[in-house]
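Peer 1: Before anything else, here's the structure in question.
The values are calculated or read from the model by the stated rules, or taken from the named source; none is laboratory data. As the structure is a computational prediction, the values presented were derived from the model and not from experiment. Cβ placement follows ideal geometry from the backbone for every residue including glycine, while neighbour counts extend to all protein chains displayed.
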Amino acid sequence: MATKQDRINSVLDELKMATSDIQGAGVLSPDGMMIADKLGGTQGDAAAAMGAALASLAKRVTDTLKVGDFQEVNIRGSNAGILLFDIEHRASLIVTVTQGANLGLVFLEARQAQRQLGDIL
Amino acid sequence: MVNRVVKVVVTGPVNAGKTTLIRTLSDVPVVCTNESATDDVAGMKDLTTVAMDHGICYPSEGMELHLYGTPGQRRFDFMWEILAVGAHAILFLVDGSDPESIEEVSYIYDHFGERINIPELILVTKSDLEGALSPADVAARMGIDPSHVVACDPRSTNAAKATLLSFIESQKLEVCEPII
């Protein structure tokens, strides 16, 4: 039986393999600790803290403006993009994508990973 | 007449009472970003601030105090910098009963001191707990002027408001312009 960590890592590996538009992925706790880091850089801890701050603020915004449950944050930079998905309010999935990524496919794959991670966590 | 807006940053180590202070002082519902703690902080409390707390206090006619609370953990230091922009004054909270908190507040104090030069006040909380240091002892540990360090119970509306208002008054913050 694979450990929880192994199962999380394999979901992230599968997500990264799904399309070359996805550069990296990670799972972070609501208080900004990296749970699993496949972002492929040295900025994992910063990404975890910033991702948690973003997710928490986004949750507040969706509540305050009454647009329903928080689901995702989409950040577009001039070189690449960052997506942040909620995992049942218990964690967040962060995904970095290339510039001009096929977001339809990325979202499809990310949502599948989101569901799988929700089951594992 | 347009209200004078004074931006006050509330910072300090984790579990010093920042969120409590803002909840006590605010006259409007507070915006909190409280999330479940999963690291060693979970031993102290269930929830911890990860982005910011925001509240507004109306101490007198024509004046608004905008309070911005930061997270306490160093990994959120990017929020310290974001929230400090345009601030008129800064409050450092420290748990006087916890030596680690006193050590950490010195780090946070230096972090802000290197970046901004605005009126500051150190509030020593949890003075009612056994073994808590007095404001003078905290000042000595931090190596700063004891006149900048006072005891304050962030759970008491009267005490917290009185402390903040006398600080604001002493600094003549009502006439200063935002530093952007």
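Peer 1: Which numbered condition trips up A:Ala53, out of (1) within 14 Å of A:Ala91 (Cα to Cα); (2) in contact (Cβ under 8 Å) with a residue 40 or more places away in the chain?
Peer 2: All conditions pass for A:Ala53, except number (2).
Peer 1: Does B:Leu93 count as farther than 18 Å from B:Gln171 by Cα, in contact with a Leu (Cβ under 8 Å, 6 or more places away or on another chain), outside any helix (DSSP H, G or I) and at pLDDT 95 or above?
Peer 2: It is true that B:Leu93 is farther than 18 Å from B:Gln171 by Cα, in contact with a Leu (Cβ under 8 Å, 6 or more places away or on another chain), outside any helix (DSSP H, G or I) and at pLDDT 95 or above.
Peer 1: Does B:Ala140 qualify as being exposed (fewer than 13 other Cβ atoms within 10 Å of the Cβ), among the small types (Gly, Ala, Ser) and part of a helix (DSSP H, G or I)?
Peer 2: Answer is no for this residue.
Peer 1: Shifting gears a bit: Among the residues of the stretch B:37-50, which ones are in contact with a strand residue (DSSP E or B) (Cβ under 7 Å, 6 or more places away or on another chain) and crowded, with 16+ Cβ neighbours inside 10 Å?
Peer 2: Correct list: B:Ala37, B:Val41, B:Leu47, B:Thr48, B:Thr49, B:Val50.
Peer 1: It is to be established whether one or more residues within the stretch A:67-84 are under 11 Å from the mean Cα position of the chain (by Cα), away from chain B (no Cβ under 14 Å) and touching a residue at least 60 places away in the same chain (Cβ under 8 Å).
Peer 2: no
Peer 1: Restricting attention to the stretch B:52-67, does a residue exist that is within 11 Å of another protein chain (Cβ to nearest Cβ), assigned to a strand (DSSP E or B), in contact with a Pro (Cβ under 6 Å, 6 or more places away or on another chain) and within 22 Å of A:Arg90 (Cα to Cα)?
Peer 2: No.
Peer 1: Please state which one of B:Ser170, B:Ser97 is out of contact with any helix residue (DSSP H, G or I) (no Cβ under 8 Å at 6 or more places or on another chain), surrounded by fewer than 15 Cβ atoms within 10 Å (Cβ to Cβ) and among the polar types (S, T, N, Q).
Peer 2: Step by step, each of B:Ser170, B:Ser97 is checked, and only B:Ser170 is out of contact with any helix residue (DSSP H, G or I) (no Cβ under 8 Å at 6 or more places or on another chain), surrounded by fewer than 15 Cβ atoms within 10 Å (Cβ to Cβ) and among the polar types (S, T, N, Q).
Peer 1: Among (1) within 13 Å of another protein chain (Cβ to nearest Cβ); (2) buried (at least 21 other Cβ atoms within 10 Å of the Cβ); (3) within 17 Å of the chain's Cα centre (by Cα), where does B:Trp80 come up short?
Peer 2: So B:Trp80 meets the others, but not (2).
Peer 1: Residues of the stretch A:39-52 being more than 12 Å from every other protein chain (Cβ to nearest Cβ) and buried (at least 20 other Cβ atoms within 10 Å of the Cβ), which ones?
Peer 2: Result: A:Leu39, single match.
Peer 1: Sticking with this structure for a sec: Please work out which one of (1) crowded, with 19+ Cβ neighbours inside 10 Å; (2) among the small types (Gly, Ala, Ser); (3) away from chain B (no Cβ under 12 Å) is the condition A:Ala55 fails and give its number.
Peer 2: (3)
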